[in-house]
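No value in this document is a laboratory result; all are computed from the given coordinates. What you see is a predicted model, and the numbers here were worked out from it, not measured in a lab. Note that each Cβ is placed from the backbone with ideal geometry, even for glycine, and that neighbours are counted across all protein chains shown.
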Amino acid sequence: MLLKNNVSPSRLRIPRRMTHRSRIVAPWLLVATDIVTVLFATLIALAFRNFVPGFQGASEVNYSVSVLWPLAVIIWIASLWGAGAYSDKNLGAGTDEYSRVLHSSLMAAAFIGICCYLTRFDLSRGFYVLLFAFGTPLLVLTRWICRRIIHILRRRNWLTRRVVLAGNPQNIQEIMSVVQRENWLGYYLVGALLPQGANREDLDMPVLGTVDDALEIVDQRDIDIVIFADGAFPSSRGFRRMAWALESHQCQMVVAPALTDIASQRIQVRPVAGMPLVLVEPPTTQQAGRWMKRTFDLVMASLILVMISPIMIATALAIYFNDRGPVIFKQVRVGKNGEHFECLKFRSMVTNAEEILKSLQNQGPNAVMFKMENDPRITKVGHFIRRYSIDELPQLWNVVRGDMSLIGPRPALPKEVALYAPHVNRRLEVRPGMTGLWQVSGRSNLSWDDTVRLDLYYVDNWSMTQDLTILAMTVKAVFASDGAY
């Protein structure tokens, strides 16, 4: 069976040797990067140890520092290794990698400090403080940079891993769509394994055999990961026996439960009598409307308004002198709990845009949310301010008034809300935002289904950390101007 629409032909030509070695290449690259980072932090600590506040009067201990610093580098790297910071399964996704770096750095600092105290080793306190105070955040920063590089390489078909999906066709199809969408994971889909009697025509990827053929396929195709979905085995014994069988095949076994779009902080695994129970915490929707988020919105929006006031004045003048029309465009939008409010924007279209819209309505790619590339209603000034999202700056006043939030789902039009499926109305349980998860994930290039999925994920899994992350990603998305029209 040939691939229909899931993997491009270029991905089929990935050398087997390259995918097999990816588990070795990436960790060793990180080892080299961490060694350079720790050495750099050591040099900084050596050079500036006598300038640390509170330790300027400490006696010179050049000999002890010259003896200890090579050991400190070895102990730190060994601690990172022992904590699993170079394990392939922890790289490239999630926060576990950063947690291991922080934990191992703390353990290395504690080990060196305790050893020096017990042996009465006269170590420079300035060197000790500066080494870990500067080196630990530097390690986290370099890990973040390395992650971005690894994602870029994976999108270009480097450092990929050969993957086989096993389970019922419907479940495999869902996992396949995620792997296609999140290509930074570096999963090269080789094919699928189905239970006996399953309908092979329901899949858009090659079927390599049945689940019972997994070991043979792993050896023949040089598989790195087998992802088992629901329906792969009739009982839990099948999973356990497969784990035993794959133990000697250098192949990672992954089990994909029927849980999607749930943040990791809401999931806890609790083993009870040998049975792993997955505890799912309630959605955090209500927390998104509490005082902490509102205070953050009010303070940040006020500060940004003051900082960008020259830009807003210049934009207003450009719009006015372009066609002598109104500067601000007011449009009724649907806010929290379905309440209507006037959303403010710099006018980027001609004054009779609503009349022209009627003739363009059938040309949009989406029946719910109308977006059109090269929209003839947009003025010359409008093209520029839309490209860099300057047209949305007046919405900061909506944030100050409490109609909107800095981060949240897109504020929808009443006619769009009228077309919502019942589950989509959950978007209205939080304040709409100036920017959100879908804006930094592709903006207008996303389909309507992906937009809804990302908005619902934000609503159910809100956290202050996620808001700060989206705010930082918004800057990159705006300047890249990808998907903005």
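Would you work out the relative contact order for the stretch 29-188, in percent, from Cα pairs under 8 angstrom that are 6 or more residues apart?
Numbers: 147 pairs, mean separation 47.0, N = 160.
Relative CO of the stretch 29-188 lands at 29 percent.
Say each of Val31 and His249 gets a label point 7 Å from the Cα, pointing the same way as Cα to Cβ; how far apart are those two points in nm?
Roughly 2.7 nm, to one decimal.
Sort Trp76, Trp291 by Cβ crowding within 10 Å, fewest neighbours at the top.
Details: Trp76 28, Trp291 7.
If I rank by nearby Cβ atoms, fewest first, I get Trp291, Trp76.
Between Ile328 and residues 5 or more places away or on another chain, which pairs have amide H atoms under 5 Å apart, with H built 1.01 Å from N, and which residues are they?
Counting only residues 5 or more places away or on other chains, the set is Arg347.
Return a whole-number percent for the relative contact order of the stretch 160-258, with Cα pairs under 8 Å and 6 or more residues apart as the contact set. Intermediate results must be reported in sequence, preceding the final value.
Working: 163 pairs, mean separation 32.5, N = 99.
Averaging sequence separation for qualifying contacts and normalising by length gives 33 percent for the stretch 160-258.
What is the order of Phe48, Phe134, fewest Cβ neighbours within 10 Å to most?
Details: Phe48 13, Phe134 16.
Ranking Phe48, Phe134 by Cβ neighbours within 10 Å, fewest first, gives Phe48, Phe134.
Need one number for the stretch 192-256: average projected area of the convex hull over its C-alpha atoms, nm². All intermediate terms of the calculation are to be shown ahead of the outcome.
Details: hull surface 17.3 nm².
Mean projected area for the stretch 192-256: 4.3 nm², to one decimal.
Could you list Glu342, Glu201, Glu97 so that the one with the fewest beta carbons within 10 Å of its beta carbon is first and the one with the most is last? Walk me through the numbers on the way to the answer.
Values: Glu342 12, Glu201 9, Glu97 23.
Least crowded to most crowded, the residues run Glu201, Glu342, Glu97.
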